[in-house]
Amino acid sequence: LYFNIEAPLSAEDFWALRSQMSDRLRTKLASISAEQIAAIRSDVISDLGSFSTGHSVSFPAEVLVVSGAKP
């Protein structure tokens, strides 16, 4: 499924929200240095710039839906 993630947040606020809400991201960030986190934060905010209006972000996303069954 293809869709857009849209949030009425600046790129900086989106990073703060995402890095606090995602258990997986929080866990990974907890295992690296403060300098590495700052570099990642800077890169993410910079990369979100092309998807940001200054007051909101909107970028494409994709979810794969998979099913299976035991024989």
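The values are calculated or read from the model by the stated rules, or taken from the named source; none is laboratory data. Keep in mind it's a predicted model, so treat the numbers as computed, not measured. Cβ coordinates were reconstructed from backbone atoms using ideal geometry, including for glycine residues, and neighbour counts include every protein chain displayed. To get the accessible areas, we keep the full protein, side chains included, count just its heavy atoms, and leave off ligands, DNA and RNA. Shrake-Rupley method; radii C 1.70, N 1.55, O 1.52, S 1.80 Å.
Checking each residue in region 24-41 for being under 12 Å from the mean Cα position of the chain (by Cα) and open to solvent by 80 Å² or more (accessible area, probe 1.4 Å) picks out ARG24, ARG26, ARG41.
VAL44 meets the stated requirement of being at negative phi and in contact with a Phe, Trp or Tyr (Cβ under 6 Å, 6 or more places away or on another chain).
Taken together, the residues in region 8-17 that are surrounded by 15 or more Cβ atoms within 10 Å (Cβ to Cβ) and touching a helix residue (DSSP H, G or I) at 6+ places or on another chain (Cβ under 7 Å) amount to 4.
Every condition in (1) in contact (Cβ under 8 Å) with a residue 24 or more places away in the chain; (2) in contact with a Lys or Arg (Cβ under 9 Å, 6 or more places away or on another chain) is met by HIS55 except one, and the failing one is (2).
So which residues in region 42-71 are exposed (fewer than 10 other Cβ atoms within 10 Å of the Cβ) and either over 10 Å from SER10 (Cα atoms) or modelled with pLDDT of 95 or more (or both)?
Narrowing region 42-71 to residues exposed (fewer than 10 other Cβ atoms within 10 Å of the Cβ): 50, 54-55, 60, 62-71.
The answer is SER50, PRO60, GLU62, VAL63, LEU64, VAL65, VAL66, SER67, GLY68, ALA69, LYS70, PRO71.
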